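Each remark here refers to the structure printed beneath this line.
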Amino acid sequence: MKKETVTIRILYGTIIGRAVLKILTRPFLSRCVGAFLNSGLSRWMVPLFIKKHHIDMDGYEKKKYISFNDFFTRRRRADCTDITPDHLISPCDGYLSVYPVDEKQTWRIKHVEYNLEKLLGSRELADHFSGGTCMIFRLTPQNYHRYCYVCSGERGVSKAIRGRLHCVRPAAYTSCPVFMENSREYTEIHTQRFGDMIQMEIGALLVGKIHNHYRKGKIIHQGMEKGYFEFGGSTIVVLVQEGRVNVNRQIMQNMKRGAETKIRLGEMVGELL
């Protein structure tokens with residue numbers, strides 16, 4: 001799996017880093033950084049970001065970007081989306097890991113350890129997906145940051161969960177680290193083929209803002225745009241009930257080797273079991 005960067009190891013693994021983390025996670029600072037990235041003052045960052053991450057702009061809409069976030073949330077001209085009803089598709093560009101949903105299983109998402117109950121904020125909902133499949137899609141800064149629905153169905157309850165900063169006394173730093181629970185939003189999806197599903201977007205430290213479209217009507221379609229992330233590393237989690245999906249063989253072979261699978265929005269990741 002992806003090794004943590006030096007910066008993350010310092011922030012989450014040292015006393016000084018955790019002190020800095022408490023400052024970085026203050027809402028006021030996040031709002032200030034977000035306001036800057038949405039302003040024209042941030043336009044100078046765009047060409048530097050493109051060069052640093054080797055982003056090929058040929059496939060994107062031609063326009064003059066008025067801010068860094070205007071560029072970061074750019075649209076592609078077209079996406080090649082699998083609309084086969086019995087297929088489950090990737091909601092985004094990024095790197096995919098797949099895990100069984102086990103009561104004792106925890107997953108490291110944005111440097112925080114989660115089990116399903118903690119991730120969803122509901123024991124009842126977590127029990128509903130016991131024995132199922134958890135797909136974690138990790139986006140990097142150079143990825144396309146718009147995302148779509150993974151299948152067709154009826155949109156159910158949507159819920160936003162605010163992030164929390166967990167603080168401890170200095171004397172306890174070595175045994176209980178400070179960490180940030182990420183802000184996240186999930187939508188329940190009810191389908192004829194795959195049963196009930198969850199599609200969750202998770203923001204990141206500072207300005208990983210989530211923008212979901214809440215259109216009128218409950219019917220959603222595979223490949224329909226669900227929303228986009230503003231700047232900040234981001235993650236999408238998809239939960240499928242037990243006995244519903246057969247994940248692509250190559251993806252599972254990669255997981256046995258402890259490797260993520262590079263994936264593209266609209267690409268098939270599993271099929272009806």
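What follows is calculated from the coordinates using simple rules that are stated; it is not laboratory data. Predicted model only: the values in this text are computed from it and were never measured. Glycine gets a Cβ as well: all are built from the backbone with ideal geometry, and neighbour counts include every protein chain shown.
In order along segment 140-150, phi translates into HN-Hα couplings of 10, x, 7, 6, 5, 10, 9, 9, 10, 6, 7 Hz, rounded to whole numbers, per the Karplus curve 6.51 cos²θ - 1.76 cosθ + 1.60 with θ = phi - 60° and x for Gly and Pro. When the alpha carbon gyration tensor of segment 79-272 is reduced to an equivalent ellipsoid, its three semi-axes come out at 26, 18, 17 angstrom, largest first.
Potential lengthening of the chain between residue 99 and residue 39 amounts to 17.6 nm, from the contour at 0.36 nm per residue minus the alpha-carbon distance.
Neighbour counts of C-beta atoms inside 10 Å place 93, 82 in the sequence 82, 93, starting with the fewest. For residue 189, the residues 5 or more places off, or on other chains, whose built amide H falls under 5 Å of its own are 156, 197, 198, 199. Among the GluC sites (Glu not before Pro) in segment 63-147, those placed in a DSSP loop whose Cβ has at most 16 other Cβ atoms within 10 Å are 103. Taking label positions 7 Å along the Cα-Cβ direction at both residue 253 and residue 29, the computed distance is 4.5 nm, reported to one decimal. Residues 138, 74, ranked from the fewest to the most other C-beta atoms within 10 Å, line up as 74, 138. Return the subset of 63/262; 118/159; 104/209; 64/262 for which the Cα-Cα distance in this structure is over 19 Å, preserving the input order. Listed pairs above 19 Å: 63/262; 104/209; 64/262.
Cβ crowding within 10 Å, taken as a proxy for footprinting-reagent exposure, orders 221, 54 from fewest neighbours to most as 54, 221. Amide H contacts for residue 266 (H built 1.01 Å from N in the peptide plane; partners 5 or more residues away or on another chain; cut-off under 5 Å): 90, 92.
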